[in-house]
Amino acid sequence: MAIQMQKTLRTSASIQGTSLHTGQPVKLTIKPAEVNTGLKFRRIDLPDKPFIDASAANVQTVERATTLAEGSVNVHTVEHILSALTGMGVDNAIIEMDANEPPIGDGSAAPYVELIKKAGLEEQDAPCQVWEIREPLMVENKNGSMIVIMPDRKFRVSVTVSGPDGRVTQYFHSEITPETYENELSRARTFCFYEDIQPLLDKGLIQGGTLDNAIVIKGEQYICSGGLRYHNECARHKTMDLIGDLILNGRRILGHVIAVMPGHGINTTMAAKMQKSFESMLAMRPKPMQLPAGDAVLDTAEVLKLLPHRYPFLMVDRILGFEGDTKCIGQKNLSMNELFFQGHFPGHPVMPGVLQLEAMAQVASILMLRIPENMGKIGYFMSCDKVKWRKPVVPGDVLIIETELVKMRGAIGVANGRCLVNGEVTCEAELKFMVQDA
């Protein structure tokens, strides 16, 4: 699977309108943000223009919408804008508002999708933080709602909704990509039941609600402007809300989300459980090894602490030394017992050239991990260029691996490498790497 890079907005873009619950006018502006910023709200109408992280830890209330708060500062009904940013692949953004609730638009995420397209996307020099779910996660409540996230190599969502007396029983399933989000989910509008309208108004909610931004279900009838956009528009809207709520866990996921009668309460409960589960997983990691700043030798045990590889794919036995901040020299002792010698020209065994490349990649990744901000991360081999094999490597040889870092931009680095036996070059190449969290 190709490594995805983080994305932000290419430029700022704004939208104005009326908020759903407060009924107040508001201007919302999405702005670019630095790598690893995540999604943040900013109340520019308040003194000091405070920020609020889009985090499950900041969920305050979930009645008919998701409200976030830090101290006395809050933002209401955040799910649509968060859903649109997540669905369209935006990792880092500042969401500025001059009131406490985003504009409702037509009740869907489509206006925000158009806003994101107007701003454009820009790839950043850091890998996307994607959590692959490896063990099932589940939450349920006394009302019969349930969310389960199963392991999957893609991000999929399956949602079933059911209203009072089974009046609205709908289902939606899809892999979520920017294309499917825009075409299959973004235009689905919010909905409510006719008998709930007055109680909501009595609570001071849906003050900006109209038939132009919501579907009203009265008996078996769907009342809305322009008719339904999908036969299962309610299930699609619930899916859209779910995506916006789940991103409050702090990172994208690979997994299959199966939701029965989801709502903001159970959605954000799952986001909080995801956040806690991820933090627990991080706590299990060994503390990163502190690489020496000056000349030093690293033995096999220390190499094993730095590299995720193990026999037979560990191609470095020890690090012989560093030269300044840009050069590293490693060593691999090659015995006849190496597995690749058993099948690679067994009558005249030689080390495969691609494994010499891998040896250079592993030494170069150690060099990149020496940079303080990369400590505790993992180096991934992205590409190679100008590769030349000059001499076979055979059993009994001691392979010396030299790498020199020639460029480092963000999480991406370029190094020159070469392998030598008895002072003679056996292989050389230009290597490209990426470092990301383990």
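Within this structure, I258 passes the test of being over 16 Å from the mean Cα position of the chain (by Cα), assigned to a strand (DSSP E or B), more than 15 Å from T169 (Cβ to Cβ) and not aromatic (F, W, Y).
The residues listed here are K386, K391; of these, the one that is assigned to a loop (DSSP other than H, G, I, E, B), within 23 Å of G423 (Cβ to Cβ) and either in contact with a helix residue (DSSP H, G or I) (Cβ under 6 Å, 6 or more places away or on another chain) or not β-branched (V, I, T) (or both) is K391.
Being loosely packed, with under 15 Cβ neighbours inside 10 Å and touching a residue at least 40 places away in the same chain (Cβ under 8 Å) is true for just one of K377, K388. Which residue is that? Going through K377, K388 in turn, just one is loosely packed, with under 15 Cβ neighbours inside 10 Å and touching a residue at least 40 places away in the same chain (Cβ under 8 Å): K388.
Inside the range 418-428, residues that are open to solvent by less than 10 Å² (accessible area, probe 1.4 Å) and touching a residue at least 40 places away in the same chain (Cβ under 8 Å) make up a count of 3. Please enumerate the residues belonging to the range 71-87 that are out of contact with any helix residue (DSSP H, G or I) (no Cβ under 8 Å at 6 or more places or on another chain) and either buried (at least 21 other Cβ atoms within 10 Å of the Cβ) or on the phi < 0 side of the Ramachandran plot (or both). Result: S72, V73, N74, V75, H76, T77. Of all residues in the range 111-132, those that are part of a strand (DSSP E or B) have Cβ atoms under 6 Å from Cβ atoms of residues that are open to solvent by less than 70 Å² (accessible area, probe 1.4 Å) and of a type in the set (K, R), 6 or more apart or on another chain, in L121/K7; E123/K7; V130/R252; W131/R251. Of the residues making up the range 15-54, those that are touching a residue at least 60 places away in the same chain (Cβ under 8 Å) and polar (S, T, N, Q) are Q16, T18, S19, T22, Q24, T29, N36. Residue count for the range 1-32 satisfying the condition of being assigned to a loop (DSSP other than H, G, I, E, B) and under 27 Å from R252 (Cα atoms): 7.
Here L68 clears all of (1) in a loop (DSSP other than H, G, I, E, B); (2) open to solvent by less than 50 Å² (accessible area, probe 1.4 Å); (3) at pLDDT 95 or above; (4) more than 25 Å from Q124 (Cα to Cα) except the condition numbered (1). Residues in the range 325-334 that are in a loop (DSSP other than H, G, I, E, B) and modelled with pLDDT under 90 were compared, and the one that is most open to solvent (accessible area, probe 1.4 Å) is D325. The strands (runs of 3 or more DSSP E) found wholly in the range 133-183 and carrying at least 3 residues that are loosely packed, with under 15 Cβ neighbours inside 10 Å occupy 169-175. Working carefully through the options V90, V35, find the one that is in a loop (DSSP other than H, G, I, E, B) and open to solvent by less than 10 Å² (accessible area, probe 1.4 Å). From the options V90, V35, the qualifying one is V90. Might you check whether a residue that is over 22 Å from I104 (Cα atoms), surrounded by 15 or more Cβ atoms within 10 Å (Cβ to Cβ) and either of a type in the set (S, T, Y) or touching a Ser or Thr at 6+ places or on another chain (Cβ under 7 Å) (or both) occurs anywhere in the range 187-208? No; the residues of the range 187-208 include none that is over 22 Å from I104 (Cα atoms), surrounded by 15 or more Cβ atoms within 10 Å (Cβ to Cβ) and either of a type in the set (S, T, Y) or touching a Ser or Thr at 6+ places or on another chain (Cβ under 7 Å) (or both).
For every residue, the table says whether it meets (1) at positive phi; (2) out of contact with any His (no Cβ under 9 Å at 6 or more places or on another chain); (3) of a type outside the set (V, I, T).
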| position | (1), (2), (3) |
| --- | --- |
| T177 | no, yes, no |
| Q207 | no, no, yes |
| K238 | no, yes, yes |
| G244 | no, no, yes |
| R252 | no, yes, yes |
| P262 | no, yes, yes |
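When A301 is tested against (1) modelled with pLDDT under 90; (2) buried (at least 21 other Cβ atoms within 10 Å of the Cβ), exactly one condition is not met: (2). The set of residues from the range 335-374 being within 21 Å of V297 (Cβ to Cβ), of a type in the set (A, V, I, L, M, F, W, C) and part of a loop (DSSP other than H, G, I, E, B) comprises just one member, I371. Number of residues in the range 209-223 that are surrounded by fewer than 20 Cβ atoms within 10 Å (Cβ to Cβ) and without any contact (Cβ under 8 Å) to a residue 60 or more places away in the chain equals 9.
The values are calculated or read from the model by the stated rules, or taken from the named source; none is laboratory data. All of these numbers come straight from a predicted model, not from anything done at the bench. Cβ atoms come from the backbone with ideal geometry, glycine included; neighbour counts cover every protein chain shown. Side chains are part of the model used for accessible areas, which takes the heavy atoms of the whole protein and leaves out ligands, DNA and RNA. Shrake-Rupley method; radii C 1.70, N 1.55, O 1.52, S 1.80 Å.
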